[in-house]
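Taking it in order: structure first as structure tokens, then the write-up.
The values are calculated or read from the model by the stated rules, or taken from the named source; none is laboratory data. Just so it is clear, the structure is predicted and the values come from calculations on it, not from any experiment. All Cβ positions, even for glycine, are placed from backbone atoms using ideal geometry, and neighbour counts span all protein chains on display. Each accessible area value is taken on the protein alone, full model and side chains, heavy atoms only, with ligands, DNA and RNA left out. Shrake-Rupley method; radii C 1.70, N 1.55, O 1.52, S 1.80 Å.
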Amino acid sequence: QVQLVESGGGLVQPGGSLRLSCAASESIFSINAMGWFRQAPGKQRESVATITRGTSTTYLDSVKGRFVISRDNAKNTVYLQMNSLKPEDTAVYYCWALHYDNAYWGQGTQVTVSS
């Protein structure tokens with residue numbers, strides 16, 4: 001079973017930046033895909049960014065050009081660099097991994113964008 005631990009959330013002003021990290025309990029080299037979902041109060045969980053084992057990436061339309069997902073296989077960590085943050089980016093961000101047809105989730109980290 002893969003355990004995921006997120007970090008890097010917090011309070012930031014509009015226009016600011018944050019980098020989220022997702023550390024896996026084992027090697028991510030063979031993990032098919034990893035990514036980030038988010039859930040805002042009263043809204044459904046939505047996929048923000050995904051990166052495959054082959055490093056292909058996909059993004060939610062509203063974050064394209066502002067967020068960048070990357071992975072460091074040597075550190076067993078996936079990152080989400082978030083720039084030009086907006087109040088509507090406020091949510092709990094969850095890391096996930098798809099490994100041998102099983103999905104694994106982190107506990108979530110709060111991101112609040114407010115002045």
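Structure above, values below:
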| read-out | value |
| --- | --- |
| Extended-chain gain in nm, criterion 0.36 nm per residue less alpha-carbon gap, Y100 and Q39 | 19.4 nm |
| Reach of K86 by Cα under 23 Å, taken over lysines that are not fewer than 8 positions away in the same chain | K43, K64 |
| Surface/4 of the Cα convex hull for the range 20-76, nm² | 4.6 nm² |
| Sulfur and carbon atoms: percent of accessible area, the range 3-115 [1.4 Å] | 49 percent |
| Dipole of the chain, positive end: most advanced residue of V5, I51, V68 [Cβ charges, Cα centre] | V68 |
| Label point distance in nm, S114-S30, each placed 7 Å from Cα along Cα→Cβ | 4.5 nm |
| Accessible area of the chain divided out per residue, in Å², using a probe of 1.4 angstrom | 52 Å² |
| Order by protection proxy (mean Cβ within 10 Å, highest first), peptides 40-48, 60-68 | 60-68, 40-48 |
| Spatially proximal aspartates and glutamates relative to K75 (Cα-Cα < 14 Å; intrachain offsets below 8 disregarded) | E6, E26 |
| Charge dipole (debye, nearest 20) of the chain; +1 at Cβ of Lys and Arg, -1 at Cβ of Asp and Glu | 180 debye |
| R53-S17 FRET efficiency (beta carbon distance; Förster radius 41 Å; 0.05 resolution) | 0.90 |
| P(r) histogram, all alpha-carbon pairs of the chain included - 10 Å bins from 0, percent | 15, 51, 28, 6, 0 |
| Accessible surface of T90 - all protein chains present, 1.4 Å probe, nearest 10 Å² | 40 Å² |
